[in-house]
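Engineer: Quick one: structure below, then a few questions.
Every read-out reported here was derived from the displayed coordinates using simple, explicitly stated rules and does not represent laboratory data. Not measured: the values here are computed from a predicted model. Cβ placement follows ideal geometry from the backbone for every residue including glycine, while neighbour counts extend to all protein chains displayed.
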């Protein structure tokens, strides 16, 4: 469980590595995010003036996916999952780089707080276990 954070009924969201299930999103997201964080801390990043735009906008597709899956509008898609994870990872990495340089960074905390609330809403309104589109029995 520590490598996947998914229960067996959601192992379709994982890849098998040896005898372990590893979350597909995390497998792609964290390496890209950590590289972006390291580069950001080292001063290698897009222009700082782009931060307000990219830190707010790059997570939007992931948030739309989150809502759509939790409200039962979209089925899980491994390809979409990977693509959106790789899209958002540099923004999260840059945000973490800003945080590591200044733990009181207002942009970082505004983005984190806003998206935490936005993503919590469908989780509480329509828990996945009751409303997600059923998995195909053909697979």
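Engineer: Can you give the helix-only mean residue ellipticity at 222 nm for the chain, where every DSSP H stretch with n ≥ 4 adds -39500 (n - 2.57) and the sum goes over all residues, rounded to the nearest 500 deg cm²/dmol?
Structural biologist: Helix contribution divided over all residues of the chain: -19500 deg cm²/dmol.
Engineer: List 7, 30 from most exposed to least, where exposure is judged by having the fewest other Cβ atoms within 10 Å. Don't skip to the end; give the middle numbers.
Structural biologist: Working: 7 10, 30 16.
With the sparsest Cβ surroundings first, the list reads 7, 30.
Engineer: Could you work out the relative contact order of the chain, using alpha carbon pairs under 8 angstrom and six or more residues apart, expressed as a whole percent?
Structural biologist: 30
Engineer: Same structure, new question: Where the Cα atoms of the stretch 1-60 are projected onto their three principal axes, how long is each span, largest first, in whole Å?
Structural biologist: Reported extents, whole Å, longest axis first: 44, 25, 13.
Engineer: Taking R0 as 25 Å, what's the FRET efficiency between residue 57 and residue 16 from their Cβ-Cβ distance, rounded to 0.05?
Structural biologist: 0.15
Engineer: Please report 106, 45 as a ranked list, fewest other C-beta atoms within 10 angstrom at the top and most at the bottom.
Structural biologist: 106, 45
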